[in-house]
Amino acid sequence: MELLVQRRIKQVLKGDQNAFGEIVELYKDKVYQICYRMLWNQHEAEDAAQETFIKAFINIHTYDTTKKFTTWLYRIATNLCIDRIRKKKPDYHLDAEVAGTEGLNMYSQLASSEKLPEEALESLEMQETVQAAIYQLPEKYRSVIVLKYIEELSLQEIAEILELPLGTVKTRMHRGREALRKHLRNM
Amino acid sequence: MAECRKNAQLMHNYLDGELSSNEQRQLKAHLDACKHCRQHFSELKKTIALVQSCSHIHAPEGFTERVLFSLPKEDKSVGVQRWLRKHPFFIAAALFLILMTGSLFSNWQKETESFAFTKYDNIEVEDHTVIVPEGEVIKGDMVVENGDIRIEGEVQGDVTVIKGERYMASAGKVTGEIEEIDQAFGWMWFKIKETAAELFK
């Protein structure tokens, strides 16, 4: 897999865009997932994911081929997401709780056009609650939690992606977990 | 309480997969004794399980196309190179043709000046004209390049004149084929025939 990617990167370095298309195909889901969990908005997530790949293409010559490609790619993605989060503050979210109506979000204020089966609704609600809990984390905790528990990366890799000392990643992980626990313990 | 705080740290280290067996025993002993910490630990594990249960999502349809569409335009030459990479036979054929015609044409050019003919003892040469004298018989083929030929005697074989003229005297006789070549393509065809004939000899 890494070997194939390295070969494609050599072709991209020569300016071959089709080879880059194969790289996008390989990693689009992972990158989109990071962006979606960080930004919790499909439109923004697609924007950020596309920007990630475009930036990767333009800066491909700065990628050090002795290092893992995904580390470099995910670094671009997380940095772009963190930038977006900082820029769009303060904001409100469709899924965020409406002030004064605990447990209700704007979805419940929208008339639902079709009834979902009970179970699907339940799991959908649970997904929403978990995503909301991730979303309320400050971005420095959100990134480590998403990389660790959604992308299933090692702490060492996360430290490399975020360019932070391993100790800092651990501290953020602990605090992130505790913050999540406070939101999710009553589920 | 200080004991609990120390164990909270151990819990997180455990969740990071970084606990020695000694520390594990220590944590377990505390969890067995402290209900509060037991609760805390199970909540943490449940939280992680919930986050991990997030369904994996996929990039939207047409994502890759949209990325490729937004990229800065690529070099034209890369497109050609890629096309050639996909059609190796075409390159081989084209290369062969180019080299083939190239070498033949250069030979054609090179040989334009030089007057040459098949040597026989009984022929005469006079100012770029090969003469087969009256009464003489040449047994074999005759090729003249960049010159003329006048046949007054007899040639028992083919006569080929390249870039030249052929004169036949009334008494002259050729038993084989007579050919005059003036154009490059005709000449090329003659060369190919000649090479083939040599190969099959």
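Taken together, the values in this text are just the output of simple stated rules run on the coordinates, not laboratory data. Predicted, not measured: the structure shown is a model, and the values here were computed from it. Cβ coordinates were reconstructed from backbone atoms using ideal geometry, including for glycine residues, and neighbour counts include every protein chain displayed.
A few remarks follow.
- Positive minus negative residues near residue B:4 (Lys, Arg vs Asp, Glu; Cβ under 12 Å): +3
- Close amide H pairs (under 5 Å, H built 1.01 Å from N) link residue B:141 with B:158, residues at least 5 positions away or on another chain.
- Relative to the longest principal axis of the Cα atoms of chain B, the long axis of helix B:88-110 lies at roughly 30 degrees.
- Theoretical FRET efficiency, 1/(1+(r/R0)^6), r = Cβ-Cβ of residue B:158 and residue B:100, R0 41 Å, to 0.05: 0.95
- Projecting the Cα positions of B:157, B:138, B:192 onto the charge dipole of segment B:116-199 (unit charges on Cβ atoms of Lys, Arg, Asp and Glu, taken about the Cα centre) puts B:192 furthest along the positive direction.
- Rounded to the nearest 20 debye, the dipole magnitude of the protein assembly as shown is 3820 debye, with +1 charges on Lys and Arg beta carbons, -1 on Asp and Glu beta carbons, and the Cα centre as origin.
- Rounded to the nearest 0.05, the FRET efficiency derived from the C-beta distance between residue B:18 and residue A:68 at R0 = 25 Å is 0.70.
- Counting other Cβ atoms within 10 Å as a rough exposure proxy, the listed residues B:65, A:128, B:152, B:198 run B:198, B:65, A:128, B:152 from fewest neighbours to most.
- Separation of segment B:111-148 and segment A:151-177, taken as the distance between their Cα centroids, equals 93 angstrom.
- Three-way shape label, segment A:137-187, alpha-carbon gyration tensor, a/c 1.5: prolate
- Residue by residue along A:48-58, Cβ atoms of other protein chains within 10 Å of the local Cβ number 3 on average.
- Counting only residues at least eight positions apart within a chain, or on another chain, the aspartates and glutamates with an alpha carbon under 20 Å from that of residue A:88 are A:44, A:46, A:47, A:51, A:97, A:139.
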